[in-house]
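A.B. asks: Here you go, one structure.
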Amino acid sequence: MIAIIPARCGSKGLPGKNIRILHGKPMIAYTIEAALKSKYIENVIVSTDCKEIEDVAKKFGAKSYFLRPEELAMDDSKAIDNYIYTVDRLNNDFDYSIDSFVVLLPTSPFRGANDIDNAIEIFNKKNADSVVSYTKEQHPIEWHKHLTEEGKFENIFDERLLNRQEYKPSYFPNGAIYVFNYELIRNNLYYSDNSYAYIMPRHRSVDIDTLEDFQYAEFLMRQKNA
């Protein structure tokens, strides 16, 4: 199986985040290294529109065969369109035969090789269409509200006044691991009735999108390596 690491140049929340130095090395390096340690990943391929990101990724062991077209690297570009483009190019122009693949976002530096392997094993065992990494929400989702422009509350769910322990636990995608059957992606879907979650703990589910996220990740890295 191949791993695709999507890493475009543009980032409004944290400019240059994909190769920003995190505890001594570019952030993308943590994802590349985890993928290379996986016992199921044969090739790690970076998908980027940026020559600098491509060069850094290659330095740490990833492959790159082409740069992503500009229209697939805009703020409003759909990630799924880039996955289709990338897999089609690899299959048609570079002698690959990809029918399933893993997507690993470089903004999840705490995801390890064991996480990748565990998700792939669920995918294989269940003969799944997709497996997506999730983490447990700490607060009941029923507590969430919409806010009007005036700052007033609008209910998302039917309001129920229950003790916290009475709510059913909920989970949300942490952005770390996606394992896809290519046919599912070709149909512009991430999920089907045959999709499963791989649950990860919160401390490995940090998804870096802002400077505050990055600073928190730096803190966790220092604690981890203390």
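A.B. asks: Can you tell me how many residues within the range 40-72 are closer than 19 Å to residue 116 by Cα and either buried (at least 19 other Cβ atoms within 10 Å of the Cβ) or among the hydrophobic types (A, V, I, L, M, F, W, C) (or both)? Spell out the reasoning first.
C.D. replies: Of the range 40-72, the ones closer than 19 Å to residue 116 by Cα are 40-47, 57, 60-63.
Add one more test, that the residue is either buried (at least 19 other Cβ atoms within 10 Å of the Cβ) or among the hydrophobic types (A, V, I, L, M, F, W, C) (or both), and what stays is 41, 44-47, 57, 60, 62.
Matching residues across the range 40-72 total 8.
A.B. asks: Output the number of residues of the range 72-91 satisfying the condition of being out of contact with any Asp or Glu (no Cβ under 9 Å at 6 or more places or on another chain), charged (D, E, K, R) and outside any loop (DSSP other than H, G, I, E, B).
C.D. replies: Residues flagged as out of contact with any Asp or Glu (no Cβ under 9 Å at 6 or more places or on another chain), charged (D, E, K, R) and outside any loop (DSSP other than H, G, I, E, B) within the range 72-91 amount to 2.
A.B. asks: Right, next: Report the residue count in the range 73-107 for those that are among the hydrophobic types (A, V, I, L, M, F, W, C) and surrounded by fewer than 20 Cβ atoms within 10 Å (Cβ to Cβ).
C.D. replies: Start the filter on the range 73-107 by keeping residues that are among the hydrophobic types (A, V, I, L, M, F, W, C), which leaves 73-74, 79-80, 84, 87, 90, 94, 98, 101-105.
Among the residues that remain, those that are also surrounded by fewer than 20 Cβ atoms within 10 Å (Cβ to Cβ) are: 73-74, 79-80, 84, 94, 98.
Qualifying residue count, the range 73-107: 7.
A.B. asks: Also, quick follow-up: Kindly list the number of the only condition in (1) surrounded by fewer than 20 Cβ atoms within 10 Å (Cβ to Cβ); (2) charged (D, E, K, R); (3) over 30 Å from residue 187 (Cβ atoms) that fails for residue 17.
C.D. replies: Result: residue 17 passes all but (1).
A.B. asks: So, one more: Answer with yes or no whether residue 3 is modelled with pLDDT of 95 or more, crowded, with 21+ Cβ neighbours inside 10 Å and in a helix (DSSP H, G or I). Don't jump to the end; show me each part of the working.
C.D. replies: On the way: modelled with pLDDT of 95 or more: yes; crowded, with 21+ Cβ neighbours inside 10 Å: yes; in a helix (DSSP H, G or I): no.
No; evaluated as a whole, the condition is false for this residue.
A.B. asks: Right, something else. If you scan the range 111-156, which residues turn out to be more than 25 Å from residue 207 (Cα to Cα) and part of a helix (DSSP H, G or I)?
C.D. replies: Within the range 111-156, 124, 125, 126 qualify.
The values are calculated or read from the model by the stated rules, or taken from the named source; none is laboratory data. Quick caveat: nothing in here was measured; it's all calculated off a predicted structure. Heads up, the Cβs are rebuilt from the backbone with ideal geometry, glycines too, and the neighbour counts pull from every protein chain shown.
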